[in-house]
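None of the figures in this text is laboratory data; all of them are computed from the coordinates on show. Model, not experiment: these values are computed from the prediction. Because the Cβ atoms are built from the backbone with ideal geometry, glycine has one as well, and the counts that use them run over all protein chains shown.
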Amino acid sequence: MTIEMVADAPTPEISQAEQRALIDGLHKELADAAPFDTEVGPPIGNIAGAVLDVWPDAQAVALQERVRAVIRTNRGDTALQHAGGRLHMSLGYSYDSANSDSLNSRLRAITPRRAPMHVDTLHLLNVRFAIASDTGGWRMTWEPLAEIPLGG
């Protein structure tokens, strides 16, 4: 589940000291954040890919606000460049247009419609988007920068 994105600069343009300050800020802010259980689903196909919405989302939204506060403190308001939308987990991303009926028919056949999810760690990732030469679409890769356990 993506909680938030630091969007003012790609990771290589954020110095090691700035990255360390963000990591330290997240550790401090989340030291008393309790792990929680929620659910994801039902799976749906949309313009961006296949997603599972998070519900109930109150604790996830509270976590998101705490993370946003740390980002604002360390990077400024320009680091948050989108409204965020509904919290969700992505199953896959699309890079071309197609009729989604077949995908949604298969996703609707999945039961049960929701799955439990335990949230106890925040992962800070360096996410990169690149054009995939084999498909002509884009490919996302990521490398871990830090793990921040909720509740210290």
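Observations on the model:
- Multiplying the residue separation of Ala17 and Met140 by 0.36 nm and removing their Cα-Cα distance gives an extension gain of 41.7 nm.
- Available extension along the chain between Ala98 and Glu65 is 8.4 nm, counting 0.36 nm per residue and deducting the alpha carbon span.
- Ellipticity at 222 nm from helices only: DSSP H runs of n ≥ 4 in the chain, each -39500 (n - 2.57), divided by the residue count, give -8500 deg cm²/dmol.
- Kirkwood hydrodynamic radius computed over segment 86-130 comes to 14.2 Å, based on all pairs of distinct alpha carbons.
- Directionally averaged shadow of segment 1-72, computed from the convex hull of its alpha-carbon atoms, nm²: 6.1 nm²
- Debye intensity ratio I(q)/I(0), log10, segment 11-149, q values 0.09, 0.10, 0.15, 0.19 Å⁻¹ (C-alpha model): -0.35, -0.44, -0.95, -1.29
- Extending 7 Å from the Cα toward the beta-carbon at both Ala9 and Ile131 defines two label points whose distance is 2.7 nm.
- GNM on the chain, alpha-carbon springs under 10 angstrom: the most fluctuating residue among Gln64, Gln19, Gln81 is Gln81.
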